[in-house]
């Protein structure tokens, strides 16, 4: 009998179920694609998650890390996690060659220039690498005067600091003059809602109402800013007619479903037009998933945790938003919630489906294994089973019967949705699009 054999402990979820052993690339994906950087989650704090990302980057091929950074920014709409990935790439000789082009691509807002340098210096100030300077210089040229003025905020690193550090060269005299005004702090003041409200003064509700109404009338309040400020609009006494007109004309192409749910919770009096805007965003996607889809949505206690300490959005918003989207694109759908048990819920649309899921049962344990057995016992025939969860099951999770997809909406170290399951990370519509692409032959297992 051989005794000199290294036996590593089997990984487990935070609730004790056996988790799958996964590759460094899979571990990096699950840590990044649902990550609000340095923000704590229900089971892990933000420092742990960021540290795990830092450990995993050198274990994954440079091309894959670069592609993940781009995916996180462009498809999952994350801002800070992609910057951390590029910063970690800059530490390692094996990855540095892709830093400049990746950094230039993932920086899509002017303030991300200074935020990246702050991340670079998080463990102590040091010279920027040549690849970093090249990437920052390329990114700097994307932004006009409005963008630079809007995001030139006071902080440890200012945009002028980044300009000096990266030695960006203007492409023409106009850009040279623009950057000179940035350096001299002479940029034209942008007409943003933050600037306008600050000028109106605190406590002057009539002035604030006038500012909000002007910004809405002139369509100078973007979709996300409008959704985030609905409560403020109501408190300022903004005309409901103006708000409803703004919601009816909302550009929804870049707004994720869960943001409408969070907005409806903060301004329930406008839930109906918010639902209309959300469903408008989902138009044209009907019957993408042919046949019968069984949907199992995690409503356990950990899913009630906020996505960020600075946000009112919860992980359930992400799950319910994906469920609402799947309800629209599935030809036939049967929907269950699960916590301590599986519960069949009505296959409603929009906000009604959110309510049905949220009120279906107490938000308690995470008995995913038992829920799967129950669902597969009731639904004898189906084409696919999709679970939306943070994967922290109490009980062991069996292989799915047939096509099984686990959509992970958290960044915890271990999870159960691997092996025979097709694993998908993230809460944007890209997670659902991946399933459709995979079944049409255009995807790859383990997104």
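The values are calculated or read from the model by the stated rules, or taken from the named source; none is laboratory data. What you see is a predicted model; the values in this text were computed from it and never measured. With ideal geometry, Cβ positions are generated from the backbone for all residues, glycine too; neighbour counts draw on all protein chains shown.
Taken together, 340, 383 contain a single residue that is farther than 30 Å from residue 224 by Cβ and in contact with a strand residue (DSSP E or B) (Cβ under 6 Å, 6 or more places away or on another chain), which is 383. One residue stands out among those in region 247-264 that are modelled with pLDDT under 85 and not in a loop (DSSP other than H, G, I, E, B): the one that is nearest to residue 429 (Cα to Cα), which is 257. Among the numbered conditions (1) at pLDDT 90 or above; (2) surrounded by fewer than 24 Cβ atoms within 10 Å (Cβ to Cβ); (3) more than 30 Å from residue 275 (Cα to Cα), the only one that residue 372 does not meet is (2).
Residues that are without any contact (Cβ under 8 Å) to a residue 24 or more places away in the chain and under 16 Å from residue 73 (Cα atoms) within region 105-144 are absent altogether. Being within 30 Å of residue 128 (Cα to Cα) and either more than 28 Å from the chain's Cα centre (by Cα) or part of a loop (DSSP other than H, G, I, E, B) (or both) is not true of residue 221.
Results for (1) in contact (Cβ under 8 Å) with a residue 12 or more places away in the chain; (2) more than 22 Å from residue 392 (Cα to Cα), shown as yes or no for each residue.
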| position | (1), (2) |
| --- | --- |
| 315 | yes, no |
| 319 | yes, no |
| 323 | yes, no |
| 327 | yes, yes |
| 334 | yes, yes |
| 342 | yes, no |
| 349 | yes, yes |
| 352 | no, yes |
| 358 | yes, no |
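Here's the yes/no breakdown for (1) surrounded by 23 or more Cβ atoms within 10 Å (Cβ to Cβ); (2) under 20 Å from residue 10 (Cβ atoms):
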site: 377; (1), (2): no, no
site: 396; (1), (2): no, yes
site: 402; (1), (2): no, no
site: 405; (1), (2): yes, no
site: 412; (1), (2): yes, yes
site: 435; (1), (2): yes, no
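For region 137-153, the set of residues classified as within 11 Å of residue 108 (Cα to Cα) and under 24 Å from the mean Cα position of the chain (by Cα) consists of 139, 142, 143, 147, listed by residue number.
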